[in-house]
Amino acid sequence: PAAFGLNQNYPNPFNPSTTISYNLPKSGNVTLKVYDILGKEIAQLVNEMQSPGHHRVEFNSSNLTGGIYFYQLSTDSFLETKKMILLR
């Protein structure tokens, strides 16, 4: 990939699982976290060094209530947050 990018999760809305994908143009330490509507961290899906390329992570929400959640991709030089909806 030529640039960093956080893609919209699919499917959205979802129940009980969804896939989050993102692009990395260079190697680096990557974190991918999920937050509730109040900003409380719900899950840490990725926290490791990753190589360049297209990456996908499955998020299972079977222990969460329905509502709006946010997921955030963070690297040394990139930060992006997107919204997803869990339907019960």
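The values are calculated or read from the model by the stated rules, or taken from the named source; none is laboratory data. Fair warning: this is a prediction, and the values are worked out from it, not measured in the lab. Every residue, glycine as well, gets a Cβ built from its backbone with ideal geometry; the counts of neighbours run over all protein chains shown. Surface areas here come from the heavy atoms of the whole protein model, side chains and all, with no ligands, DNA or RNA. Shrake-Rupley method; radii C 1.70, N 1.55, O 1.52, S 1.80 Å.
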Within the stretch 21-50, how many residues are touching a Lys or Arg at 6+ places or on another chain (Cβ under 9 Å) and either outside any strand (DSSP E or B) or hydrophobic (A, V, I, L, M, F, W, C) (or both)? 4
Take residue 60 and decide whether it is in contact (Cβ under 8 Å) with a residue 24 or more places away in the chain, open to solvent by less than 20 Å² (accessible area, probe 1.4 Å) and within 23 Å of residue 88 (Cβ to Cβ). no
All but one of (1) open to solvent by 60 Å² or more (accessible area, probe 1.4 Å); (2) closer than 15 Å to residue 78 by Cβ; (3) part of a strand (DSSP E or B) hold for residue 2; state the number of the condition that does not hold. (3)
Of all residues being in contact (Cβ under 8 Å) with a residue 12 or more places away in the chain, under 13 Å from residue 68 (Cα atoms) and aliphatic (A, V, I, L, M) in the stretch 13-57, which is least open to solvent (accessible area, probe 1.4 Å)? Just the residue, please. 34
